[in-house]
Amino acid sequence: MATALILRLSQTFQGVIWNTLVDQDSQRLFFEIREPLKKTVSFAALNLLNNQWLWKDFALEEPWWVNLRAVSANILLFTVYTDSSNPDKKSVVAHDVDKNSMAWWRNGFSVTTVNRLFVRGIDSRFPEKETILDLFTGEPVQHAEFDLADSQNFPVIRPFQYEEGTTHFNTVKDFFSSRLGFLAVVAVEYLEYEDLIIVSVFVNESGLANYLYVLNASGECLIKEKLGENLKGVALDSFFIFSGHLIFVKNKNELTSYKII
């Protein structure tokens, strides 16, 4: 039976989708949405299992100098920059996803690694000393076993990236030129998944434009999506696969998800 795709979600935000985190245990997606003109940032959480939003438009007290850092075991970590003129001055805020409330915070702490039990980082009071915190309480832990193999090891499938002038780029360029009649420029992102070929390409059409194509094994085009136009530059990491979903962003603000069946 041939692989098919079903559109599950198309959600447009007011700001730019700046960053995305995934939680492999709960199959949730977390988004950082920035509005540069207003200097505000908000956050949203999506459950891929039922395609329902846990929450949208969530914001911390700090309106701008904060971003998503990591998620594990239902705890979402934010980095807060406490001095806008010095990016080294940071704090961490831990948010309980299910309760949608703050679990704990620690001033002067910079996160380096997270696993399902602990948060490892640097306490600004002891800049030469590594500190490990309990993921659920934020309290320092002595002699904790911190397994790096368990740290943010998410089953996210991302494409290969090929720049113009490389052998792989030319192969993809020639393939699409013969099949679909256009010339790819600058860079391509290429992924084979099950019996699908998924490619993000840049083309010249009254400016630089970015398209996403999904083809089946027979070369039939199943999806053609325009991700952006009149682009000033190339932004890679334009799509990924997580929990059986093809996920990408259009026009910087429209989240799109296709279920692969």
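Kindly identify the range 1-101 as rounded, prolate or oblate by the Cα gyration tensor criterion: order the square roots of the eigenvalues as a ≥ b ≥ c, call it rounded if a/c is under 1.5, otherwise compare a/b with b/c, prolate if a/b is larger, else oblate. Because a/c hits 1.5 or more and a/b exceeds b/c, the range 1-101 counts as prolate. The P(r) of the chain has a tail past 35 Å containing 25 percent of all C-alpha pairs.
With contacts defined as alpha carbon pairs under 8 Å and 6 or more residues apart, what's the relative contact order of the range 1-160 in percent? In percent, rounded to a whole number, it is 12. So, in Å, what gap is there between the alpha-carbon centers of the range 180-194 and the range 101-141? The range 180-194 and the range 101-141 have Cα centres separated by 42 Å. When the charge dipole of the chain is built from unit charges on Cβ atoms (+1 for Lys and Arg, -1 for Asp and Glu) and taken about the Cα centre, the candidate among Leu117, Leu183, Asn230 whose Cα reaches farthest toward its positive end is Asn230.
Using unit Cβ charges (K, R positive; D, E negative) and no other charged atoms, how large, in debye to the nearest 20, is the dipole of the chain about its Cα centre?
Working: 24 positive and 32 negative charges, 124 e Å.
That gives the chain a dipole magnitude of about 600 debye.
Past the 18 Å Cα-Cα mark, which pairs from Lys56/Lys99; Lys38/Lys99; Lys56/Lys89? Those over the limit are Lys38/Lys99; Lys56/Lys89. Using a cutoff of 8 angstrom between alpha carbon atoms and counting only pairs six or more residues apart, the relative contact order for the range 1-93 works out to 18 percent. Label sites at Thr82 and Glu130, each approximated as a point 7 angstrom past Cα along Cα to Cβ, lie 2.3 nm apart.
Set the bar at 18 Å for Cα to Cα. Now go through Lys39/Lys232; Lys224/Lys250; Lys226/Lys252; Lys232/Lys252 and name every pair that lies beyond it. The partial results should precede the final answer.
Numbers: Lys39/Lys232 22 Å; Lys224/Lys250 12 Å; Lys226/Lys252 11 Å; Lys232/Lys252 13 Å.
The pairs that break the limit, which is 18 Å between Cα atoms, are Lys39/Lys232.
Using helices alone, I'd like the mean residue ellipticity at 222 nm for the chain: each DSSP H run of four-plus residues gives -39500 (n - 2.57), total over residue count, nearest 500.
Working: 1 runs with 14 residues, N = 261.
When only DSSP H runs of four or more count, the value is -1500 deg cm²/dmol.
Taking Cα atoms only, the orientation of helix 167-180 departs from the longest principal axis of the chain by about 50 degrees.
For the chain, give the percent of accessible area contributed by carbon and sulfur heavy atoms, probe 1.4 Å, rounded to a whole number. Before the final figure, lay out each step's value.
Details: 6660 of 13620 Å².
Whole-percent figure for carbon plus sulfur exposure: 49.
Taking the range 195-261 on its own, what percent of its Cα-Cα pair distances exceed 14 Å? Don't skip to the end; give the middle numbers.
On the way: 1276 of 2211 pairs.
Value for the range 195-261: 58 percent of Cα pairs lie more than 14 Å apart.
Using only the Cα atoms of the range 155-215, build the gyration tensor, take square roots of its eigenvalues as a ≥ b ≥ c, and label the shape rounded, prolate or oblate: rounded if a/c is under 1.5, else prolate if a/b is larger than b/c, else oblate. Cα axes put the range 155-215 in the prolate bin. Largest first, the residues Asp123, Asp134, Asp174 sort by 1.4 Å accessible area into Asp174, Asp134, Asp123.
The values are calculated or read from the model by the stated rules, or taken from the named source; none is laboratory data. All figures in this text were calculated on a predicted structure; none of them were measured in a lab. Heads up, the Cβs are rebuilt from the backbone with ideal geometry, glycines too, and the neighbour counts pull from every protein chain shown. For accessibility, only protein heavy atoms count, side chains too; no ligands or nucleic acids. Shrake-Rupley method; radii C 1.70, N 1.55, O 1.52, S 1.80 Å.
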